[in-house]
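Below is one structure, written out as structure tokens; the observations come after it.
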Amino acid sequence: MVVRGFVWTVPTRVVAAPGRGAEVVAAMVGTAPALVVGDAAVRDRAELLATHLGCETHEVSTPCDFGAVDRLAALVSQASARVVVAVGGGTVMDLARVAALAAADRSLAGPDGWPGEGLRGRAATSVTQAAPAVVAVPSTVGTGAEVSSLAVVAEAGRTLRAVLADPGLHPRAAVLDVEMLRSLPRQLVRDGLLETAARALGPALADDGAHPAADEFAAVFVRRAMALSAKVGGGRAGTVLPDRVLAEAAWLATSSATQLASVGRTVSDSPLWLLQHAVTGSSGQPKAAALRALLPVLLERVTQQEDVGPLVTPGRSATLASLITGPVGSEVAGARALHSALRDCGLLDGPSAAIDPQVHAADLVEHGFTRKGALEGQSVASLAHAISPSVGSQPS
């Protein structure tokens, strides 16, 4: 076993401020010119925050594509904003983070500013210090965009959205406030917990286990996501979740996105994350729906002792299941135990995307995700085979 080096970049300051989010953001911004960005779902909260800051708001009404990036970058420049406050889910935060960089260099408002394939870095290298700071205030659970150096942007003529990767995309700060989460439907909270669990489990399943402490971290995050999911499902639909459940769900998601759950493993290098990206791109379904489709298939194939390529390294299902659910005697038993645990806690409850393995695999190959990283060298045939439902029963 070779011990590998890795980079762990966690520059975003995270402040948990239950009931005091607006006050904390105002203290962070101070007297700097600011612009608050949100969507219709958080209009009231965004306007309230803008009132605290004495600034304008911009409501996002379109998907996060390069056209929207260009328009928001222009508004940021016109407002001479030194801070962009992003209130909302992953789409809003992705848009704000890319637009903040583009306000300092407008070439970054278009696809040509992000050359290459697969994970695309920016061509310009000197704009980060000149760019406005971003303060992220998530109104959802699970996205991780509030601490991420990745952003997903739709691009004309492409099935899959472009995945932009750059340290300059890290927000300066993230403010977690349960008041922003109280109106979330239970299903959306559970969706976020599934994303959190997969963010820890996906890289760990594919890894070689060279960092045993990382396995322990991953196991803790998966266990807590499962425990919280059971609590979310324990109440009547439409009832408000306790603040302590929302607060832990938010912290868990944010912490997992800083790679605390998978130290030494980058989520964007996880084959499961990339396949999830492909499914959401072609199906138009949310990430949680893609995960509900993919995870049972992968675990089923392991129980059938079939090859899943880079998605699950031999022996990893048993190792992780032993840490998450208790000792198991074999790889097959480990896959069954993981599937049962995810199912029984309710994480797999909810809408599931339809999988078209050939289409998803072809999209990943076409857009360069197999040129390097987690899927390097994989063919359409091998990827399609890895996520095609095998003959036999679901693991039980």
**Report entry** Residues in region 118-162 reached by a label modelled at Val220 [backbone nitrogen below 20 Å; 7 Å Cα→Cβ]
**Finding:** 142, 144, 147
Query raised in the report: Given charges of +1 on the Cβ of Lys and Arg and -1 on the Cβ of Asp and Glu, with all other atoms neutral, how large is the dipole of region 13-180 about its Cα centre, in debye to the nearest 20?
Result: 300 debye
Query raised in the report: Under a point-charge model restricted to the Cβ atoms of Lys and Arg (+1) and Asp and Glu (-1), what is the dipole moment magnitude of the chain relative to its Cα centre, in debye to the nearest 20?
Result: 560 debye
Report task. Kindly express, to the nearest 10 degrees and within the range 0 to 90, the angle between helix 287-303's C-alpha long axis and the longest C-alpha principal axis of the chain. Result -> 20 degrees
Query raised in the report: How high is the relative contact order of the chain, in percent, counting Cα pairs under 8 Å that sit 6 or more residues apart?
Result: 15 percent
Requested in this report: In debye, nearest 20, what is the charge dipole magnitude of region 186-386 about its Cα centre with +1 on Lys and Arg Cβ and -1 on Asp and Glu Cβ, if you could check?
Outcome: 620 debye
Report summary line: With Cα coordinates, the longest principal axis of the chain makes an angle with the long axis of helix 243-257, in degrees rounded to 10, of 80 degrees
Requested in this report: Enumerate the amide H contacts of Arg13 below 5 Å, restricted to partners 5 or more residues apart or on another chain; note that Pro and chain-start residues carry no placed amide H.
Outcome: Ala173, Ala174
Query - Positive-end residue, the chain charge dipole about Cα centroid, Cβ charges, pick of Val25, Ala109, Gln276 - result: Val25
Query raised in the report: Which residue fluctuates the most in the chain, going by a Gaussian network model with Cα springs under 10 Å, if the choices are Arg371, Arg199, Arg301?
Result: Arg371
**Report entry** Per-residue HN-Hα couplings for region 201-214 [Karplus 6.51, -1.76, 1.60; θ = phi - 60°; Hz; x = Gly/Pro]
**Finding:** 6, x, x, 5, 5, 7, 7, 8, x, 5, 10, x, 4, 5
Requested in this report: Have a look at Ala227, Ala40, Ala133 and tell me which one the Gaussian network model of the chain (Cα, springs below 10 Å) gives the largest fluctuation.
Outcome: Ala40
Requested in this report: Show the residues, 5+ positions off or on another chain, whose built amide H is closer than 5 Å to the amide H of Gly88.
Outcome: Val137, Ser139
Report task. Give the distance, in whole Å, between the Cα centre of region 175-247 and the Cα centre of region 273-337. Result -> 17 Å
Query raised in the report: Label points 7 Å out from Cα along the Cβ direction at Asp70 and Glu366: separation in nm?
Result: 2.3 nm
Query raised in the report: For region 94-156 and region 28-80, what is the separation of their C-alpha centers, rounded to whole Å?
Result: 15 Å
Report summary line: Phi angles of region 174-188, converted by Karplus (6.51 cos²θ - 1.76 cosθ + 1.60, θ = phi - 60°) into ³J(HN,Hα) in whole Hz with x for Gly and Pro, give 10, 10, 9, 9, 4, 4, 6, 10, 5, 8, 5, x, 4, 4, 5
**Report entry** Rounded to 5, the percent of DSSP beta bridges in the chain classed as antiparallel
**Finding:** 15 percent
Requested in this report: Please give the contour-minus-distance gain from Glu117 to Ala230: 0.36 nm per residue of separation, less the Cα-Cα distance, rounded to one decimal in nm.
Outcome: 36.7 nm
**Report entry** Helix-only mean residue ellipticity at 222 nm for the chain, each DSSP H run of n ≥ 4 adding -39500 (n - 2.57), per residue, nearest 500
**Finding:** -14000 deg cm²/dmol
Requested in this report: Determine the relative contact order of region 13-180: mean sequence separation of Cα pairs under 8 Å and six or more apart, normalised by residue count, in whole percent.
Outcome: 27 percent
Query raised in the report: For the chain, what size does the Cα cloud have along each of its three principal axes, sorted from largest down, in whole Å?
Result: 61, 46, 38
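Each reported figure results from applying straightforward, stated rules to the coordinates on display, with no laboratory input. Keep in mind the model is a prediction, meaning the values are calculated, not measured. Note: ideal-geometry Cβ built from the backbone for every residue, glycine included; neighbour counts use all protein chains shown.
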